[in-house]
1. Determine if the range 264-272 includes at least one residue that is assigned to a loop (DSSP other than H, G, I, E, B), of a type outside the set (Asp, Glu) and at pLDDT 75 or above.
2. When you check SER143 against the structure, is it surrounded by fewer than 17 Cβ atoms within 10 Å (Cβ to Cβ), in a helix (DSSP H, G or I) and at pLDDT 80 or above, yes or no?
3. What do you reckon, is ASP396 touching a strand residue (DSSP E or B) at 6+ places or on another chain (Cβ under 6 Å) and of a type in the set (Asp, Glu)?
4. Kindly establish whether LYS257 is surrounded by fewer than 20 Cβ atoms within 10 Å (Cβ to Cβ), in a strand (DSSP E or B), modelled with pLDDT of 90 or more and over 26 Å from the mean Cα position of the chain (by Cα).
5. If TYR246 satisfies every condition in (1) at pLDDT 90 or above; (2) surrounded by 13 or more Cβ atoms within 10 Å (Cβ to Cβ) but one, which is the exception?
6. Yes or no: SER204 polar (S, T, N, Q) and modelled with pLDDT under 85?
7. VAL375: in the same structural domain as LEU296 (by the TED database), surrounded by 15 or more Cβ atoms within 10 Å (Cβ to Cβ) and of a type in the set (A, V, I, L, M, F, W, C), yes or no?
8. Test each condition in (1) at pLDDT 90 or above; (2) at positive phi for THR184 and report the one that comes out false.
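The values are calculated or read from the model by the stated rules, or taken from the named source; none is laboratory data. Keep in mind the model is a prediction, meaning the values are calculated, not measured. When we count neighbours, we look across all protein chains shown, and the Cβ atoms used for this are built from the backbone with ideal geometry, even at glycine.
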Amino acid sequence: MYIWSWTKLLSTSGHEVLNKRVFAHLRRYIAIVRRIGLDSLRVMGIDILPGESPASTSQPHYAVVVLDKGKVKLKEDYVSKTRLLRLIYELKPDLIAIDNLYELAESKSSLINFVRRLPPGIRLVQVTRLHDGRELPLEVLSSMYRLSSQSKLSPLEAAEVAAKLASMGVGSVVKIHQGITRITIARTRTLKAGGMSRDRYLRSTRMEILRLTKRVKEALDRHGFDYDHYYRRTTHGLESSIFIVYAPRDSLRGVVKPIRGVDVKVRISPIEVHKVEFEPLVAKSKSPRGISGRYLIVGIDPGIVTGVAMIDIDGNPIMVFSRRYLPRNEILDMVYEYGIPVLIATDANPPSAMVKKLASTLGVPLFTPPRTLGVAEKEKLVQDYLEKHNYQLRVDDSHQRDALAAALKAYFNFKPKLDQVESKIRDLDLNISIREVKALILQGKSMTEAIREVVRRMKPKEEKQVVEVVDEKIVESLKTKIERQQIYINKLREERDLLLEEVKKLKEKLRQVEQEMERLLSEEGRKLRESRMMATLSARI
């Protein structure tokens, strides 16, 4: 039913008050919404009542409107938060639409907890946040999409407008999961000091963890899932085992099952983001990410706690970082925030599968030392480097140290060649980017190939001669269209001027009414004071 109103809007409206970007995308949204069937979903619109707050000690109350395939299924104007959750579980809407997320929760953590409590498959949508990240007031969106012309909406009206906007594909979905799942295999119980029975128990549980790990690995491989695997090995098996699977939790149903035995458990949980993120309700094509143009050598120390270190191709420190259960996609995002990776480095030989996958994903070479670096060698590499750079980096743990040592080992391995090419470019007096040449050398090019490649890039492209063929009929047709459009634009401008004049008159009328109200209130106040004074005097007499 909303598709028709959109089509009418596109064919009849041209008012300049419409946001031009939104208006330009309406036709595309119509096609997308028709294709994915948003207008056939069940949508719950919510708006908090005036004077209510999720931060207050008492429960906040909401207006709730539920649309089912575009038709109003339920309308309630005084719903407590407890009843709201009950309604969500009973009606199971596909989308929950609201204009301000913090009407549901007073903080980021409580918002994440609220979203976590929702039944699987339900998406929370902030309709006032557009696909490009801009935010517009609900009343503006309501007017733009011809849902209501009122400048102030009641809570029930706001809830209904929010539901209709979400049905039309307007807004952004709150994202607290990354589409990545963690599978943890570990002991169920924590042990205390004991004798021989304790040792037997440890052997038994470690062997069971190893057995379950093999079973999970086989299942993931059989179904073609991409994952990283971290574990703590012991003499008799595994102390613990963790899989980071690059797939949503729902896609693992029937592949790996959660288990809670007497001794060992298998826990499956989605990995949550560390901040509230959004993705467009209607998917849009991704634009290329902006990067700083700085070329990086990235050292990785994979494990349950993963260390990441970055230095530039001149050996300058950029950053070090470590965190538990760090997925590859977060490493990629972090790297691209600081620059362009040209080399991945590890301190271990052979390198782990995770590091190989990361280098493959980035499309850059992987540096592996001839042998695994020893602790003493890594400590000396890092300590000498930090002293030379006046401790610009703070290395907090062994994972950060190992990652930085890997990056430094790679840098010092290539440094003689990088110094040589820098000297050669200066001797030849070539006006080219030395850093680009260095980046190509780190990516496996020879010195000559790298210089030629950069010189070729800097050559101006030959301008192609374009012969214009002008069709007079097309020109005349375009001129006629332009004239018609100009007439139409002039007409719209006249309408706009009339409306602006009307607004001016209404504002003046409103001002006069307000002045009259103030006068009357002042008169009433004066009379009230006089009557009180008379009453006081009468009482004294």
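1. Narrowing the range 264-272 to residues assigned to a loop (DSSP other than H, G, I, E, B): none.
Checked against the condition, which is being assigned to a loop (DSSP other than H, G, I, E, B), of a type outside the set (Asp, Glu) and at pLDDT 75 or above, the range 264-272 yields no hits at all.
2. Details: surrounded by fewer than 17 Cβ atoms within 10 Å (Cβ to Cβ): no; in a helix (DSSP H, G or I): yes; at pLDDT 80 or above: yes.
Answer is no for this residue.
3. Working: touching a strand residue (DSSP E or B) at 6+ places or on another chain (Cβ under 6 Å): no; of a type in the set (Asp, Glu): yes.
For ASP396, the condition - touching a strand residue (DSSP E or B) at 6+ places or on another chain (Cβ under 6 Å) and of a type in the set (Asp, Glu) - is not met.
4. On the way: surrounded by fewer than 20 Cβ atoms within 10 Å (Cβ to Cβ): yes; in a strand (DSSP E or B): no; modelled with pLDDT of 90 or more: yes; over 26 Å from the mean Cα position of the chain (by Cα): yes.
Judged against the criteria, LYS257 is not a match.
5. Answer for TYR246: the failing condition is (1).
6. On the way: polar (S, T, N, Q): yes; modelled with pLDDT under 85: no.
It is false that SER204 is polar (S, T, N, Q) and modelled with pLDDT under 85.
7. Numbers: in the same structural domain as LEU296 (by the TED database): yes; surrounded by 15 or more Cβ atoms within 10 Å (Cβ to Cβ): no; of a type in the set (A, V, I, L, M, F, W, C): yes.
Here the answer is no, as VAL375 does not meet what is asked.
8. Answer for THR184: the failing condition is (2).
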